[in-house]
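Q: Attaching a single structure in structure tokens format; questions to follow.
The values are calculated or read from the model by the stated rules, or taken from the named source; none is laboratory data. If you're wondering where the values come from, they're calculated on a predicted model, not measured in any experiment. For neighbour counting, all protein chains shown are included, and Cβ atoms are generated from backbone atoms with ideal geometry for every residue, glycine included.
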Amino acid sequence: MNDTKDTTTIVAGGEQSPELSAEEKMIQDGFNELLAAYLKSNHRRKVERITKAFNFANQAHAGVKRRSGEPYIMHPIAVAKIVCIEMGLGSTSICSALLHDVVEDTEYTVEDIRDMFGDKIAQIVDGLTKISGGIFGEQASAQAENFRKLLLTMSDDIRVILIKIADRLHNMRTLGSMLPAKQFKIAGETLYLYAPLAHRLGLFSIKTELEDLSFKYEHPKEYEEISKKLEATAESRNRLFEHFAAPVHEKLKAMGLHYEMQSRVKSVYSIWNKMETKKVPFEDIYDIYAVRIIFDPLPGVDEKNQCWDIYSAITDIYRIRPDRIRDWVSRPKANGYQALHLTVMGPDGQWVEIQIRSRRMDDIAEKGFAAHWKYKEKNVEEDTELDKWLQTITEILESPDPNALDFLDTIKLNLFSSEIFVFTPKGDIKTLPQGATALDFAYALHSDIGNKCIGAKVNHRLVPLSHKLASGDQVEVLTSRSQSPQPEWLGFVTTARAKAKITAVLRRVRKDVAKDGETKVMAALANANVEQSLSNVDTLAMYFGFSKREDFLCAVAKGEVVLSDNVRKILKGKTDNLLFKYVKQALRMATKSSEHEETEEQPKEKPQYDKKKPYILKEEGLQRNYIIADCCKPIPGDDSLGFINDDGNVVVHKRSCPIAMRLKSSFGERILNTVWSNYTNASFEATLEVKGIDATGVLNKMTEIIAEEFNVAITRLLIEAKDGVFEGKIKLKVHDVEDIQKLCVSLSKIDNVKSVTRIAD
């Protein structure tokens, strides 16, 4: 390859150049580190097999380099290291990781892999090749299809998705060499799907790193600010920890325990997320650090009992906060997480969260379900929650033709939701996502029970289908043979399984209704002595204002459209009227039809954008070369990105906007890196939320500062006072983020004003 030639010097006598030797040394050192890590694990020693896979991959990728300039083989080695060290997987996964790009990027086939390494590794490499190039392509339907492939391969072998997550983690670690627009696409996609998948599979440390890396590239300024604040407060946190830990060490040593106590700091992304959600500054986040106690179980003592013994020892020293006890020991989370959480008042008057885990529990918390395999000899149940989750996913995939983006959203919501535990009348436990309803519970029992559900009894009290369940509820489902799923049920359910089942039934019913309509239409065509063809049916559909044939046939079946005796006239004699009606309907429904396009004189050429360069957001006179997104209303100074819409215009979103996150994941190729130009005259809308103590003159002082000191126009003011406190929203016209920041500082200095924050309104 050219880039290899650029960096190679040919030396007399056929010797390799020092630079090439350094490259080979880098590759060999990387592989030796991988082998050393593998030999430290408790897996069976299959060094020959791993060496064979490395040599094959090294030869297959020879001469190819990554964008960063390093040899391509360093990427598969790095992925294999993550799989081995951070996930605790064995030789099959390590070999598959080393070979994961061979079929996609070289001349070798899956059959070649099968011949050399056997069926299992070939199957995993094939699964990884099918979902290559990231989860998403350029079209939304292709994205859903690729994601469907990814999840289907999970049910064949979970190692496919584990290696894919490792692949994404290394790509995120080396994202700095990519162009900004590509960085936004990959970071958005990672935060939207890979981090939730890692979370659901119990890969806590990987999930945290994926979130932090995504945040670092999407919001570099905020990432740096929070990192610096964490660094600046590290010393005071260490003092607090030492002060807290001293009496606990004494007590645990007296119990004869082998343990380690760590101070765990909240991740940068997690802190920022809490600041955004609660609208508070960094200084007001009180749970920045937690204490983790990891113990080696004493022989013959149950792990669960030892967790409670440590709990008892700590609560003898410090006062507990009863509403913050989380018993994940007796009832593990759906991703396998086990620990006992409690919050106590520390010696310095601060609440301290403590997590108590055995070594096994810690292993599973950090490395996820992969760590279960390590403990299989200890009677870990084969029928894990993960298997049930994979079964649910498979059922959703089997329901045909899901709308692409709805499908992705539904799955994503179910990946990242918190769980509630609900009981059947016989005392069996069902795990459901938070926000699940009685109807979700019915479908969780069986699709037939869901389809026939008319209501439920929650804790012996009659409730409707839409009733939201809480952890600990006992639910009895009431059914009727005459009941069947209704379209409004889709608004009652939150689980992907229930939505898929309801949609499948409604689709079947609709097809049956459309068939009845087709029979009536064909009969009408026969009576009019007109050919009974689908093109004639489509012409009638257009005439009556329907853009889809099925909608028209359903309307006929239900009697909403009556076909009179003049069917022949409609088809033969009123072409002009037909086209006029159709174009009018098409415009009204904003559907893009070929007939409509033919009426336009010349299609407007869409502008072309260079994604390698930042797109400058400019304003000339009253004209802007972009559109401000209504969902988040960014202003100059906000971290932003551009999305090229269907008309070819650039719509500007904040990078943190939930809609923007969905667009990054779904339409990555249409994302632009944007830069605000200097704005001196232009003004943008922004909304401030103000809270404080109700007192005379506060409102007057606020408006005085806004109008006189800052010369900013107020477009809307809404203040409400109740029980001695006030809350209000002020809509303003500002130049940029700096205006807002200065304004917030000035307003917050007013007596009785307690908080001033910018909100999206």
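Q: Do we have any residue at all in the range 37-60 that's in contact with a strand residue (DSSP E or B) (Cβ under 8 Å, 6 or more places away or on another chain), closer than 17 Å to HIS170 by Cβ and modelled with pLDDT of 80 or more?
A: No: zero hits.
Q: Right, something else. Looking only at the range 51-76, how many residues end up being touching a Leu at 6+ places or on another chain (Cβ under 6 Å) and hydrophobic (A, V, I, L, M, F, W, C)?
A: 3
Q: If the requirement is being of a type in the set (Phe, Trp, Tyr) and touching an Asp or Glu at 6+ places or on another chain (Cβ under 7 Å), which of these qualifies: TYR269, TYR217, TYR223?
A: Testing whether each residue is of a type in the set (Phe, Trp, Tyr) and touching an Asp or Glu at 6+ places or on another chain (Cβ under 7 Å) leaves just TYR269.
Q: Counting only residues that are over 35 Å from the mean Cα position of the chain (by Cα) and of a type in the set (Asp, Glu), which one in the range 28-70 is surrounded by the fewest Cβ atoms within 10 Å (Cβ to Cβ)?
A: Only one residue fits best here, namely GLU48.
Q: Quickly run through the range 327-358 and pick out the residues that are assigned to a loop (DSSP other than H, G, I, E, B) and among the basic types (Lys, Arg).
A: ARG331, LYS333
Results for (1) modelled with pLDDT of 85 or more; (2) in a loop (DSSP other than H, G, I, E, B); (3) closer than 19 Å to LEU747 by Cβ, shown as yes or no for each residue.
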{"position": "ILE616", "(1), (2), (3)": "yes, no, no"}
{"position": "GLY648", "(1), (2), (3)": "no, yes, no"}
{"position": "ALA660", "(1), (2), (3)": "no, no, no"}
{"position": "ASN678", "(1), (2), (3)": "no, yes, no"}
{"position": "LYS691", "(1), (2), (3)": "yes, no, yes"}
{"position": "ILE705", "(1), (2), (3)": "yes, no, yes"}
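Yes/no matrix, rows are residues, columns are (1) free of Cβ contacts under 8 Å to residues at least 24 places away in the same chain; (2) among the charged types (D, E, K, R); (3) out of contact with any His (no Cβ under 6 Å at 6 or more places or on another chain):
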residue	(1), (2), (3)
LEU465	no, no, yes
GLN474	no, no, yes
SER482	yes, no, yes
LEU490	yes, no, yes
ASP512	yes, yes, yes
ASP516	no, yes, yes
VAL521	no, no, yes
LEU534	yes, no, yes
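Q: For the range 242-277, enumerate the residues that are of a type in the set (D, E, K, R) and in contact (Cβ under 8 Å) with a residue 40 or more places away in the chain.
A: Matches in the range 242-277: LYS251, ARG264, GLU276.
Q: Yes or no: LYS430 surrounded by fewer than 23 Cβ atoms within 10 Å (Cβ to Cβ), modelled with pLDDT of 90 or more, of a type in the set (D, E, K, R) and in contact with a strand residue (DSSP E or B) (Cβ under 9 Å, 6 or more places away or on another chain)?
A: It is false that LYS430 is surrounded by fewer than 23 Cβ atoms within 10 Å (Cβ to Cβ), modelled with pLDDT of 90 or more, of a type in the set (D, E, K, R) and in contact with a strand residue (DSSP E or B) (Cβ under 9 Å, 6 or more places away or on another chain).
Q: Considering each of THR687, THR674, THR757 in turn, give the residue that is surrounded by 14 or more Cβ atoms within 10 Å (Cβ to Cβ), under 19 Å from VAL280 (Cβ atoms), among the β-branched types (Val, Ile, Thr) and out of contact with any helix residue (DSSP H, G or I) (no Cβ under 8 Å at 6 or more places or on another chain).
A: Step by step, each of THR687, THR674, THR757 is checked, and only THR687 is surrounded by 14 or more Cβ atoms within 10 Å (Cβ to Cβ), under 19 Å from VAL280 (Cβ atoms), among the β-branched types (Val, Ile, Thr) and out of contact with any helix residue (DSSP H, G or I) (no Cβ under 8 Å at 6 or more places or on another chain).
Q: Here's something else I'd like to know. State yes or no: is SER358 surrounded by 15 or more Cβ atoms within 10 Å (Cβ to Cβ) and not assigned by TED's automatic domain parsing to the domain that holds ILE420?
A: yes
Q: Follow-up question, since we're still on this one. Inside the range 173-274, counting only helices (runs of 4 or more DSSP H) that do not spill past its ends, which hold 2 or more residues that are at pLDDT 90 or above and more than 20 Å from the chain's Cα centre (by Cα)?
A: 220-232, 234-254
Q: Out of the residues in the range 154-199 that are touching a Phe, Trp or Tyr at 6+ places or on another chain (Cβ under 7 Å) and surrounded by 23 or more Cβ atoms within 10 Å (Cβ to Cβ), state the one that is farthest from CYS95 (Cα to Cα).
A: Once the filter is applied, the top-ranked residue is ALA187.
Q: Here is a check on your reading of the model: is LYS515 crowded, with 20+ Cβ neighbours inside 10 Å, charged (D, E, K, R) and assigned to a helix (DSSP H, G or I)?
A: Considered against the rule, which asks whether it is crowded, with 20+ Cβ neighbours inside 10 Å, charged (D, E, K, R) and assigned to a helix (DSSP H, G or I), LYS515 comes out as no.
Q: Under 6 Å by Cβ, and 6 or more places apart or on different chains, what pairs join a residue from the range 549-570 that is outside the structural domain of LYS515 (by TED's automatic domain parsing) and surrounded by 11 or more Cβ atoms within 10 Å (Cβ to Cβ) with one that is modelled with pLDDT under 75 and part of a helix (DSSP H, G or I)?
A: Nothing qualifies.
Q: Further question on the same structure: Is it the case that GLY63 is more than 15 Å from PHE31 (Cβ to Cβ), assigned to a loop (DSSP other than H, G, I, E, B), modelled with pLDDT under 90 and touching a strand residue (DSSP E or B) at 6+ places or on another chain (Cβ under 9 Å)?
A: It is true that GLY63 is more than 15 Å from PHE31 (Cβ to Cβ), assigned to a loop (DSSP other than H, G, I, E, B), modelled with pLDDT under 90 and touching a strand residue (DSSP E or B) at 6+ places or on another chain (Cβ under 9 Å).
Q: Now, a different point. For the structure I just gave you, tell me whether LYS558 is within 30 Å of LYS731 (Cβ to Cβ), at pLDDT 75 or above and among the basic types (Lys, Arg).
A: Judged against the criteria, LYS558 is not a match.
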